[in-house]
Amino acid sequence: MKVLIIYYSQSGNTMRIAKSIAKGCRAAGAETDVFKLRDANYDMLDKYDMIGLGSPVWKVATPNMHHFITQMPDQHGKHCFLFNTHGTLPHLYFPVTLPNAKRAGLLPIGYKDWYGDVTMPGMPKPYYTYGHPDEQDFAEAEDFGKEMVGNSPRIAAGETDLIYPNPVLDDKVMTQALICSNMLAEPVNPQGDFIRDPKKCAYPACNLCMDNCPMGYIDLRSDPQRFGNRGFKCDDCHECSFCFMICPTGAIEMDPPGIEHALKNKGKRHEAFEEMLRRDEAEGKFRPHIAIEDVGVDTPYLLWHPKRPYFVFPKDEDE
Ligand SMILES: Cc1cc2nc3c(=O)[nH]c(=O)nc-3n(C[C@H](O)[C@H](O)[C@H](O)COP(=O)(O)O)c2cc1C
Ligand code: SF4
Ligand code: SF4
């Protein structure tokens, strides 16, 4: 059996979970390849018996993974599994992404999510989900990979009760849906605009933002150069800030400035997040590594790490 796992990961959590799932798939006897979403294409799907698709939760799937699934040519019932990592509000991901996968002709036989630490300019550091994914998460991811490889042939042979049931559409899903509706009513980035100063930019010695924008909004080779969803700035509503976080020279700044954004968030408790985590913890879904009172509400990310680059992607040992 051949398994292909395609993932998008901005801060490394989903990458590490994807690799653990792959380890489990291999342990169960499947030849398994892992590709970053930006290196994947639809033609390669034909060579595999089962596809795993994973991304962080950004309300639902990240827009690049969402697009990859919704534009996918018909897969004629090929087995797939879906996975994600997330912060405090993951509950809308599978209710949206599973039907999309089915519309692409995939048969999702299972799905699973894991908590992950959160890296955003104004969010507390340490965050509520600090320490995840942890060793237990990686072990669970391996088990999930083994289970998917074990179940796929049995499902093909008729044991369709092994297919995971649809997620329950409870009030947690509704909470996330209401937050999303609110954001869509004003589709701009609530963190502010992201602006690039060409005078401070090291291109062509640096390509970091262009290579890592999840939406493909940056083209510094073109004339005129393109930056962001507006061509000259980014105010995309998905709350991405990655180019700003990884730019080594300070060529990308926030408007209003990042430091003002961080100071505005200083001391801010996220009561809706805390309430959701309390519920998920009581239901055995969330294992905190820090007490809620130790969450870094007084040190939003940019105050906690005030030096550029604000974020460096963790080393991918396979590269
Ligand atoms: C732009 C952005 C939007 C996010 N939106 C959500 C969200 O709606 N719900 C949630 O639970 N976590 C959200 N998160 C947190 C990420 O899902 C979480 O940190 C995830 O583990 C990141 O995975 P990665 O390290 O693979 O990028 C968001 C993070 C970012 C950067
Ligand atoms: S990351 Fe910064 S320095 Fe590098 S190309 Fe982008 S704007 Fe220029
Ligand atoms: S904030 Fe930067 S990296 Fe994120 S979508 Fe906009 S241009 Fe791309």
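Just a few scattered comments:
- Here Asn166 meets the list (1) free of Cβ contacts under 8 Å to residues at least 60 places away in the same chain; (2) under 29 Å from Phe81 (Cα atoms); (3) surrounded by fewer than 14 Cβ atoms within 10 Å (Cβ to Cβ) almost entirely, failing just condition (1).
- Of all residues in region 212-252, those satisfying the criterion of being more than 10 Å from ligand 3 (Cβ to nearest atom) and either of a type in the set (A, V, I, L, M) or in contact (Cβ under 8 Å) with a residue 60 or more places away in the chain (or both) are Leu220, Pro248, Ala251.
- Lone unmet requirement of (1) crowded, with 18+ Cβ neighbours inside 10 Å; (2) under 19 Å from Pro124 (Cβ atoms) for Ile290: (1)
- Listed by position, the helices (runs of 4 or more DSSP H) enclosed by region 177-294 that each have at least 1 residues that are among the basic types (Lys, Arg) are 258-265, 271-282.
- One residue stands out among those in region 57-88 that are within 11 Å of ligand 1 (Cβ to nearest atom) and assigned to a strand (DSSP E or B): the one that is farthest from Ala104 (Cα to Cα), which is His86.
- Boolean, Ala28 is more than 26 Å from Met210 (Cα to Cα), surrounded by 18 or more Cβ atoms within 10 Å (Cβ to Cβ), assigned by TED's automatic domain parsing to the domain that holds Trp114 and at pLDDT 95 or above: yes
The values are calculated or read from the model by the stated rules, or taken from the named source; none is laboratory data. Every value quoted in this text rests on a predicted model; they were computed, and no experiment measured them. Cβ sites come from the backbone with ideal geometry, for glycine too, and all protein chains shown count toward neighbours.
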